[in-house]
Amino acid sequence: MLAEGAEFHKPSIEEFFPPALLFEGTPFEVDRIMLIRILMTVLLAAFFLIALRRPKLVPRGVQNLGELALDFVRVNIAEDVLGKQNGRRFLPLLTTFFFLIWAANLSGVIPLLNMPATARIGLPLVLAVVAYLAFNYAGIKAQGAGQYFKSNLFPPGVPKPLYILVTPIEFASTFIIRPGTLMIRLMANMLAGHMTLVLFFSAAWFLMFQAGNFLLAPVGAVSLLMGLVFTIFELLVQFLQAYIFTLLTAVYIDGALHAEH
């Protein structure tokens, strides 16, 4: 779109690779996205420290909110999938996953931040690796390494000649695809959501204030409205991605604990 020399610049993938702000050229290089990750982690930790620093028997105010949040993960993910005993055992990991991912996702719609901290591969990769180590650790500890890998790679009840086909599929599915899908699903959803919001809002700004053609202003208003609608939708997606990542991690841990079934 060109009007009176103004040009619309669509969002690009370069937004996810901003220039370094601190320690450029070192392994500790910090850019805008890394600062957002640090900020959201600090805010999340501060919330729970404030909420639970002086717990009362009858929770009130921020303590009540913190306990409701923790109970959501405990009841609806950990105990629902793993049962009470194993759910309690892996609750710290699952709770950390859920709230860290949700907080990192929420930065995409917070003014002045406007960038989901999970939209670049680093954080989703680390979380997927931790989930991978957790469910393999759970399976090996519960069954022993030999029995755990045998149960996963050679499912009982399968005719032996079919193991030539089944075993490579099971290996790829359990030990390669699972962490890969956890990582890619989270990153891709947040990246796509951010690009969509930037497109709608930048188009609205251009059409309403920079295009130089008042006939385009109504189209800009429609783009602004769609941006607001998609912001609400993105809030839902941000929550769901945290929930799905945590739920699947719990499912994988449960499957590892009972791989013989």
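The values are calculated or read from the model by the stated rules, or taken from the named source; none is laboratory data. In this text the structure is predicted, and so the values were computed from the model without any measurement. No Cβ is skipped: glycine too gets one built from the backbone with ideal geometry, and neighbour counts run over all protein chains shown. Side chains are part of the model used for accessible areas, which takes the heavy atoms of the whole protein and leaves out ligands, DNA and RNA. Shrake-Rupley method; radii C 1.70, N 1.55, O 1.52, S 1.80 Å.
Before moving on, here are some points about what is shown:
- Screening segment 206-246 for residues that are within 21 Å of LEU94 (Cα to Cα) and among the hydroxyl-bearing types (Ser, Thr, Tyr) and picking the one that is most open to solvent (accessible area, probe 1.4 Å) gives TYR243.
- Against the test of being crowded, with 19+ Cβ neighbours inside 10 Å, touching a residue at least 40 places away in the same chain (Cβ under 8 Å), over 22 Å from the mean Cα position of the chain (by Cα) and part of a helix (DSSP H, G or I), the options TYR148, TYR132 yield a single qualifying residue, TYR148.
- Hits in segment 85-108 (condition: in contact with a Gly (Cβ under 9 Å, 6 or more places away or on another chain) and part of a loop (DSSP other than H, G, I, E, B)): GLY108
- Within the set GLY180, GLY193, the sole residue that is out of contact with any Pro (no Cβ under 6 Å at 6 or more places or on another chain), open to solvent by less than 30 Å² (accessible area, probe 1.4 Å) and either free of Cβ contacts under 8 Å to residues at least 60 places away in the same chain or β-branched (Val, Ile, Thr) (or both) turns out to be GLY180.
- Criterion violated by PRO59 - all others in (1) modelled with pLDDT of 95 or more; (2) surrounded by fewer than 17 Cβ atoms within 10 Å (Cβ to Cβ) satisfied: (1)
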